[in-house]
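The structure's right below; bear with me while I get my questions together.
The values are calculated or read from the model by the stated rules, or taken from the named source; none is laboratory data. Keep in mind that what you see is a predicted model, and the values were worked out from it rather than measured. Cβ placement follows ideal geometry from the backbone for every residue including glycine, while neighbour counts extend to all protein chains displayed. Quick note on the areas: whole protein, heavy atoms, side chains included, nothing else; ligands and nucleic acids left out. Shrake-Rupley method; radii C 1.70, N 1.55, O 1.52, S 1.80 Å.
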Amino acid sequence: MSIKKLNIYQILDHLEKRKALYLGNHYSFNSLDAFINGYSCAADDSDWYSEEFNNFSFFNVWLLGHLPKHFGEAGGWYWQIHNRNLNDDKNAFKEFFFFLNLFKTSKKFTNKITDISYSIENKKLQLLIKQIL
């Protein structure tokens with residue numbers, strides 16, 4: 001018997017629809033954080049991303065760049081969303097899944113630039129380099 005291993009995105013898609021099944025009947029936003037932390041203990045590196053979506057471990061940094069106001073750079077996604085929704089777990093879940101879906105559909109992270117062509121003679125590139133320096 002083979003068991004199909006699900007990545008974090010597949011699990012969170014199921015969890016969004018049936019929170020009590022994964023987090024218990026008296027779940028809270030804190031339960032989601034505990035669930036993901038527990039998942040991280042058993043997960044392999046390959047469980048944090050899929051071919052079509054970014055690596056979930058980049059979600060913390062990505063979220064900081066997409067919040068109009070954030071609560072410092074520490075604490076990660078849970079801290080940021082929890083502090084924006086004190087005593088409102090329902091809205092915290094709503095925000096988490098909203099931002100997660102934006103993150104999933106955002107431009108995929110790559111370690112290198114592969115689709116840009118340039119030459120040093122290009123005047124616009126030279127001007128850009130001067131502006132950066």
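Restricting to segment 51-61, name every residue that is assigned to a loop (DSSP other than H, G, I, E, B) and buried (at least 16 other Cβ atoms within 10 Å of the Cβ). Quick ask: steps written out before the conclusion?
In the first step, residues of segment 51-61 are kept if they are assigned to a loop (DSSP other than H, G, I, E, B); the result is 51-55.
Answer for segment 51-61, where residues must be assigned to a loop (DSSP other than H, G, I, E, B) and buried (at least 16 other Cβ atoms within 10 Å of the Cβ): Phe53, Asn54.
How about segment 20-33: which of its residues are under 14 Å from Ala92 (Cβ atoms), in a helix (DSSP H, G or I) and open to solvent by 40 Å² or more (accessible area, probe 1.4 Å)?
So the first thing to find is which residues in segment 20-33 are under 14 Å from Ala92 (Cβ atoms), and the list is 23, 27-33.
Pick out the ones that are also in a helix (DSSP H, G or I) and you get 23, 29-33.
Correct list: Asn30 only.
What are the pairs, 6+ residues apart or on separate chains, where a residue within segment 20-44 that is within 21 Å of Leu86 (Cα to Cα) has its Cβ under 9 Å from a residue that is open to solvent by less than 80 Å² (accessible area, probe 1.4 Å) and not in a helix (DSSP H, G or I)?
Phe29/Asn85; Phe29/Asp88; Ser31/Gly24
Just to check your reading of the model, which residue among Phe99, Phe56 is among the hydrophobic types (A, V, I, L, M, F, W, C), modelled with pLDDT of 75 or more and in contact with a Leu (Cβ under 7 Å, 6 or more places away or on another chain)?
On the way: Phe56 fails: in contact with a Leu (Cβ under 7 Å, 6 or more places away or on another chain).
Exactly one of Phe99, Phe56 is among the hydrophobic types (A, V, I, L, M, F, W, C), modelled with pLDDT of 75 or more and in contact with a Leu (Cβ under 7 Å, 6 or more places away or on another chain), namely Phe99.
Return the pairs, sorted by first residue and then second, in which the second residue is among the acidic types (Asp, Glu) and part of a loop (DSSP other than H, G, I, E, B), the first residue lies in segment 62-90 and is surrounded by 10 or more Cβ atoms within 10 Å (Cβ to Cβ), the beta carbons are less than 9 Å apart, and the residues are 6+ apart or on different chains.
Leu64/Glu73
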